[in-house]
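Report on the structure given below.
Laboratory data are not the source of any read-out in this text; all were calculated from the coordinates shown. Computed from a predicted model, the values in this text were never measured in an experiment. Heads up, the Cβs are rebuilt from the backbone with ideal geometry, glycines too, and the neighbour counts pull from every protein chain shown.
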Amino acid sequence: MRFELDEDRALLKTSTRELLEKEAALADTRAIMEETPEGYSKALYAQLGELGYPALLLPEDQGGMGAVAFAAVLEEMGRVALPGPFLDLAVAARVLAGCDGAEAEAWRQRAAAGEALVVLARNEDPGCADPGEPATRCSDGRVSGSKTFVPFGAHADALLVETCDGLALVERPGAGWNATPLETLDHAQRFAEIELDGPGVLVADPARAAELLAEAGRLAALGASALLLGLMERAQEMTLAYTTERQAFGVPIGSFQTLQHRCADMMLQTESTRSAVYRAAWAEECRPEEAAYLVAVAKAWAGPAGRFVCGQAIQLFGGVGFTWEYDPHIYLKRVKTLEQFHGSTRTQTAAALSLSIKQGD
Amino acid sequence: MDLQFTPEQEAFRAEIRAWLAENLERTWTEETRDPAHDADSLVELRRAWQRKLHEAGYIGMGWPEEWGGRGAGEVEQAILEAELYAHDAPLIPNFLGISLLGPALIHHGTEEQRRRFIPKMLSCDEIWCQGFSEPGSGSDLASLRMRAERDGDDWRIYGQKVWTTFGPWADWIFVLARTDPDDRYGGISFFLVPLDQPGVEMRPLKQITGESEFGEVFLDGAVAKSEHLVGALGEGWKIAMTVLGYERGAAALRYPAEFGRQIECLTSVVAERGGLDSDDVREKLGRLVVENEVMQANGLRTLANLEAGLPPGPESSIEKIFWSEFHQRLTDVALDLLGPQGQLATGAPQALAGVDWAYQYLWSRAGTIYSGTSEIQRNIIAKRALRMPTS
């Protein structure tokens, strides 16, 4: 048995960390998040595309490296709280690879190379984080319906729309989307409502779409869990540095036992998340029959764990933790968004239970 | 990454399962519910069980062959533990002797001591209890006050030990006693003391479960022979701390196996009552499944890192906090979901099958206290793993 990454994946992780520490420093990220309409660095995403990152989940001959590598990369992206649609794009590229037709293949190539932004459009009910049965239709080459909380939808070049007739590929109309941006608590996650009533092509029939979306949901949940891990890890490091440097009553506040115990709990949550996330990633590659269960476990755990760790970070920073200027709020906001999407904690917890009962049989 | 057991390890698991099917006639829960049993007969049953395990070669598996082991790896030991707990097998009476004293003798004892004590410890012809904690020295163990005084070549021991598990049935006790009042750590020595002698008084302590599985022992001039000092004079603290760190992996999969069985029992009762239709109930049960599986992931990671020869990190403290606090959450949820039926005492004819929930509910309060309280474990993580400043 071996928990550590093998050489190739460890190298990928290290080089990703170096790249992101250089190109996605928090100070730069903050400016981009606050000042650009899309909320992320298109230049950095182009660079990630050239380096093959969005292709990570594709088959090996199309540049894929498997779920463990994917988790390792997303952990690094979580550490720097990388804004933007990377997870959505990587998952959409994978879905496209399973779709039919030349259009899907063309968009798959562009998405995998980072030349186009393609995302899934699934949710229709803003009161429910987990997509239900779609009412959106695709017939006679037209897609009509409305989608909400489409990640980076307003800036996407194409959408993979879940409809009751299957999965439809919709290119951004010449006049642009009929999209309404949604302002949410994490201003680095740009969601949009999109009204669809225009041309689209069916790229997977309902049965195939269900398969592809189940797989996509699992991979997105794994990716979100890995992002949560990275976010927690960095929030913990920031907190440790702060409690060592910040003095009160003439001593570093990190010498107080209450704070030490909080930090110990942060570590317990973070390290347990690491165990769960990488075990799930490993299962995705090597134990497909257990993957759905172990991914559900990882996501159900990582969401509340992330909320705890990043919440503690703000608490331990004290008043400055509540300011816009200090960084902990970026982490707190991101974990809350990630906890809700890609299988909310409630949904994943219920899934873990029912899958555990099935496995026991 | 590779979290797969080898075919040999899987074969070992199959061997244990077959052996248990053959040899474990009744689960521990069933035994404790049998009105024909009393505390003494249950200890005898455990003794017989340990003997069976020993004859099959399953006790002290990680030890060198010379001392009755088979030089098994941490993974095999973890698999054995997991299977024993998953099948609700009785706990062996000498678990502290096997996990602490055995390694102490193998690594720090004399050849003579190993020959004299190890075989009977393995076969359970002698039951050992542990004498570390004292009424005034729990978490701050090094403040212990039991003292050993020279008496010719031998030693006379004075003082009190407490929380001595299986003390009322033990033949011997291994104690930490002070041989130098002025040296906090270097003044502690490790002695083996027979309990059947003048100057020994063992008093059972009634636990919150109503049992008296542990006790307190008063030594008033009891003799420890010169050849029953383990290691050198003043090495007791060092030896105790080293043996506490041995076999880190053996328990890695134990608690997920034990609590996994309990969660399955709980789920099947709730399912039979139609409770799984409720979102609230499913969420509570699901959370238990999730936490238990994350604990399993931690355990697998610990084993994998041990196999890879990585230096120990904070995992044993994380593991201890996790399982002990989780057991409290688990039994809280169980008693909530089961209703008053969950409160039925061990042996009550109306009790639910599989698990004595009321007993577990009470017993779960012990885990966060013994072997280093949750607070001590958090101190260890903060200081050793996070290197937080000291005041």
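Close amide H partners of A:GLY198, meaning residues 5 or more places away or on another chain with modelled amide H under 5 Å apart, are A:VAL143. Given an 8 Å cut-off on Cα distances and at least 6 residues of separation, report the relative contact order of chain B as a percent. Answer for chain B is 15 percent.
Evaluating 6.51 cos²θ - 1.76 cosθ + 1.60 at θ = phi - 60° for every residue in the stretch B:104-116, the Karplus couplings come out as 4, 6, 5, 8, 10, x, 8, 3, 4, 5, 4, 4, 5 Hz, glycine and proline recorded as x. By how many degrees, between 0 and 90 and to the nearest 10, does the Cα long axis of helix B:7-23 differ from the longest principal axis of chain B? Rounded to the nearest ten degrees, it is 90. For chain B, the longest principal axis of the alpha carbon atoms and the long axis of helix B:39-55 meet at an angle near 90°.
Tell me, rounded to the nearest percent, the portion of alpha carbon pairs in the stretch A:7-112 spaced more than 23 Å apart.
Values: 1552 of 5565 pairs.
So the portion of pairs separated by more than 23 Å is 28 percent.
In this structure, the amide hydrogen of B:ASN94, modeled 1.01 Å from its nitrogen in the peptide plane, lies closer than 5 angstrom to no residue at least 5 positions away or on a different chain.
Angle between the Cα long axis of helix B:74-86 and the longest principal axis of chain B, 0 to 90 degrees, nearest 10? Once rounded, one gets 60 degrees.
Place the peptides B:69-79, A:272-282 in order of packing, highest mean first, counting for every residue the other Cβ atoms within 10 Å and averaging per peptide.
On the way: B:69-79: 19.6, A:272-282: 27.4.
Order by mean packing, descending: A:272-282, B:69-79.
Contact order, relative form, for chain A: 15 percent (alpha carbon pairs under 8 Å, 6 or more residues apart, mean separation divided by residue count).
Could you check how many percent of all C-alpha pairs in chain B are farther apart than 30 Å? Before the final figure, lay out the partial values.
Numbers: 33139 of 76245 pairs.
Every Cα pair in chain B considered, those over 30 Å come to 43 percent.
Sort the following peptides by mean Cβ neighbour count (other Cβ atoms within 10 Å, averaged over residues), highest first: B:59-67, A:131-139, B:252-260. Could you put the intermediate results ahead of the total?
Details: B:59-67: 17.6, A:131-139: 15.9, B:252-260: 24.0.
Those peptides, ordered most packed to least, come out B:252-260, B:59-67, A:131-139.
Over every Cα atom in the protein assembly as shown, the radius of gyration and the widest Cα-Cα span, Dmax, amount to 29.5, 104 Å.
Would you list the membrane-span-like helices of chain A, meaning whole DSSP H runs whose alpha-carbon atoms span at least 30 Å along their axis and whose mean Kyte-Doolittle value is at least 0.5? Result, helices passing both filters: A:288-317. Separation of the stretch A:236-284 from the stretch B:179-254 is 35 Å, based on Cα centroids.
Of B:LYS206/B:LYS383; A:LYS147/A:LYS336; B:LYS120/B:LYS383; A:LYS42/A:LYS336, which sit over 30 Å apart, Cα to Cα? Violating the 30 Å Cα-Cα cut-off are B:LYS206/B:LYS383; B:LYS120/B:LYS383.
A simple count of charges around A:ARG137, restricted to other residues whose Cβ falls under 13 Å of its Cβ and scoring Lys, Arg +1 and Asp, Glu -1, yields -4. Listed by chain and number, the aspartates and glutamates whose C-alpha is less than 15 Å from the C-alpha of A:LYS299, apart from same-chain residues fewer than 8 away, are A:GLU75, A:ASP130, A:GLU215, A:GLU271, A:GLU284, A:GLU290, A:GLU339, B:GLU283, B:GLU291, B:GLU293. Ignoring everything except DSSP H segments at least 4 long, calculate the 222 nm mean residue ellipticity for the protein assembly as shown; use -39,500 (n - 2.57) per segment, divide by total residues, nearest 500. About -16500 deg cm²/dmol. Averaged over the residues of B:296-309, the number of partner chain Cβ atoms lying within 10 Å of the residue Cβ comes to 5.
Along the stretch B:217-222 the Karplus relation, 6.51 cos²θ - 1.76 cosθ + 1.60 evaluated at θ = phi - 60°, assigns HN-Hα couplings of 10, 10, 10, 10, x, 4 Hz to successive residues, with x for each Gly and Pro.
In the elastic network of chain A, a GNM with C-alpha springs shorter than 10 Å, the most mobile of A:ARG346, A:ARG30, A:ARG334 is A:ARG346. Expressed in Å, the radius of gyration and Dmax of the Cα atoms of the stretch B:7-92 are 13.8, 43.
Normalise the Cα radius of gyration of chain A by 2.2 N^0.38 Å (N = residues in it) and let me know the number. Before the final figure, lay out the partial values.
Values: Rg = 20.3 Å, N = 361, 2.2 N^0.38 = 20.6 Å.
The value comes to 0.98.
Computed from backbone phi, the HN-Hα couplings of the stretch B:209-215 come to 7, x, 7, 10, 6, 10, x Hz, rounded to whole numbers (Karplus: 6.51 cos²θ - 1.76 cosθ + 1.60, θ = phi - 60°; Gly and Pro given as x).
Taking amide H atoms as placed 1.01 Å from N in the peptide plane, the amide H of B:THR346 lies under 5 Å from those of B:TYR359, each 5 or more residues away in sequence or on another chain. Taking A:PHE191, A:PHE322, A:PHE149 as the candidate residues, the one with maximal mean-square fluctuation in a Gaussian network model of chain A, Cα springs under 10 Å, is A:PHE322. For the stretch B:251-385, the relative contact order works out to 27 percent when only alpha carbon pairs closer than 8 Å and six or more residues apart are counted. Using the Cβ of A:GLY319 as centre and a radius below 14 Å, the other residues enclosed give a net charge of 0, where K and R count +1 and D and E count -1.
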